[in-house]
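Below you'll find the structure, written out as structure tokens, and then a few comments.
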Amino acid sequence: MSAALSNDLLLRALLRQPTPRTPVWMMRQAGRYLPEYRATRERAGSFLALCTTPDLACEVTLQPLARFRLDAAILFSDILTIPHAMNLGLDFESGEGPRIARPVQTAADIARLGVPDPERELRYVMDAVRLVRRELGGRVPLIGFAGSPWTVATYMVEGGSSKTFGAIKGLMYGAPRDLRRLLAILADATGTYLNAQIAAGAQAVMLFDTWGGVLTPSTYREFSLEYMNRIVEGLAREHDGHRVPVILFTKGGGAWLEDMVASGCDALGVDWTTDLSDARRVCGDRVALQGNLDPGVLYAPPAQIRDRVAQVLASYGAGHGHVFNLGHGIHPDVPPESALAMVEAVHELSPPYHA
């Protein structure tokens, strides 16, 4: 396996251990805002080819680390690798987002689904994890990830992105037993997938529940959180003698932080609609918190970015257990210089909070 970590700040913060400063990384840090990413994507020929070619996935995973003083790499992949492995006909149309050629909308559709073998149908992901770990050489930890069952199911049932979520909400309210069956399959597949990433070398893992926020409180607990809880319960929390932290992130989920803490995760991602001070008051010292600069701040000049970074750090306050991040992914049209201003501000301004 790769060399011992020379920078373990992320892992220590996620486990609420003392750190000399607040670690920082960005959701979607390997992505379209970087010209070098766009060049590699052009070379790959398509987004899906980029995801499924381990050498290229490794290349773009490492690109932001060459520009910014980040404290983690996050595997370049996509939350829809599991439906891709289920042979549902995944494609990415320019300007349209993901499309599923064979949506899953009936009990018969669900009955045909199986749990993919990560080292067979998803071997390209595991090979990318192994390659990234080797190339990192212990510089920073590698985060693996997956989409939550609810979020992945929205794409599988809708056939792609949606504004109303009419098809999946119709299934949820009209045939809840069928939806639960689908979510149970996805929970099994996702837990197996994340455990395989951990075995291949991921040193922390994150569940992205991008669309949990479109649910009511009761349906969130029943159709999203319950299945994330199942995944967390079944994850390998130790590997190679080290704890593997688990991060849960529900976009728009600030009202349910108390419920999410009970999952047994190590950290919660918080979007920009919730003050970290409020999140910390709810969660206490039971979990670390990750976030939560509004990605829109990165359209501002560097001095204003620095001021907003200062506000986020002050909102969390003194003590350990904070990982600085955006409240969601960095936007494609953000200048790389703005990301640099954010990262450097965290390095400059966070040490006093850890004195």
All but one of (1) under 18 Å from the mean Cα position of the chain (by Cα); (2) of a type in the set (Val, Ile, Thr); (3) surrounded by fewer than 24 Cβ atoms within 10 Å (Cβ to Cβ) hold for Val282; state the number of the condition that does not hold.
(1)
Looking at region 208-261 only, could you name the residues that are small (Gly, Ala, Ser) and within 23 Å of Leu80 (Cβ to Cβ)?
Gly212, Gly213, Ser224, Gly234, Gly252, Gly253
Is it true that some residue in region 17-27 is part of a loop (DSSP other than H, G, I, E, B) and among the hydroxyl-bearing types (Ser, Thr, Tyr)?
yes
Could you please let me know if Glu93 is farther than 24 Å from Val343 by Cα and touching a strand residue (DSSP E or B) at 6+ places or on another chain (Cβ under 7 Å)?
yes
Among the listed residues Val104, Val140, identify the single one that is more than 21 Å from the chain's Cα centre (by Cα), assigned to a loop (DSSP other than H, G, I, E, B) and either within 26 Å of Leu215 (Cβ to Cβ) or in contact (Cβ under 8 Å) with a residue 12 or more places away in the chain (or both).
Val104
Of the residues Asp91, Asp55, Asp71, which is within 19 Å of the chain's Cα centre (by Cα), among the charged types (D, E, K, R) and over 22 Å from Ala184 (Cβ atoms)?
Asp71
Looking only at region 27-58, filter to residues that are within 28 Å of Pro149 (Cα to Cα) and without any contact (Cβ under 8 Å) to a residue 40 or more places away in the chain; which one of those is surrounded by the most Cβ atoms within 10 Å (Cβ to Cβ)?
Leu50
Anything in region 196-211 that is under 13 Å from His242 (Cα atoms) and outside any strand (DSSP E or B)? List them, or say none.
Ile198, Ala199, Gly201, Ala202, Gln203
Go through region 294-351 and count every residue that is of a type in the set (Val, Ile, Thr) and out of contact with any strand residue (DSSP E or B) (no Cβ under 6 Å at 6 or more places or on another chain).
5
Can you tell me which of (1) part of a helix (DSSP H, G or I); (2) within 30 Å of Gly138 (Cβ to Cβ) is the one Asp188 doesn't meet?
(2)
Number of positions in region 79-101 that are part of a loop (DSSP other than H, G, I, E, B) and crowded, with 19+ Cβ neighbours inside 10 Å:
4
Looking only at residues in region 227-259 that are in contact (Cβ under 8 Å) with a residue 12 or more places away in the chain, within 12 Å of Ile198 (Cβ to Cβ) and not hydrophobic (A, V, I, L, M, F, W, C), which one is surrounded by the fewest Cβ atoms within 10 Å (Cβ to Cβ)?
Asp240
Could you say which residue among Gly264, Gly319, Gly329 is more than 23 Å from the chain's Cα centre (by Cα) and in a loop (DSSP other than H, G, I, E, B)?
Gly319
The one condition in (1) closer than 13 Å to Leu142 by Cβ; (2) assigned to a helix (DSSP H, G or I) that Leu50 fails to fulfil:
(1)
Can you name the number of the only condition in (1) buried (at least 22 other Cβ atoms within 10 Å of the Cβ); (2) more than 28 Å from Ser162 (Cβ to Cβ); (3) in contact with a Phe, Trp or Tyr (Cβ under 6 Å, 6 or more places away or on another chain) that Thr19 fails?
(3)
Assess whether Leu207 counts as being closer than 27 Å to Ala13 by Cβ, in contact with a Ser or Thr (Cβ under 8 Å, 6 or more places away or on another chain) and among the hydrophobic types (A, V, I, L, M, F, W, C).
yes
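Throughout, read-outs are computed from the coordinates displayed, never taken from laboratory work. Everything quoted here is computed from the prediction, not taken from an experiment. Neighbour counts run over all protein chains shown; Cβ positions are idealised from the backbone, glycine included.
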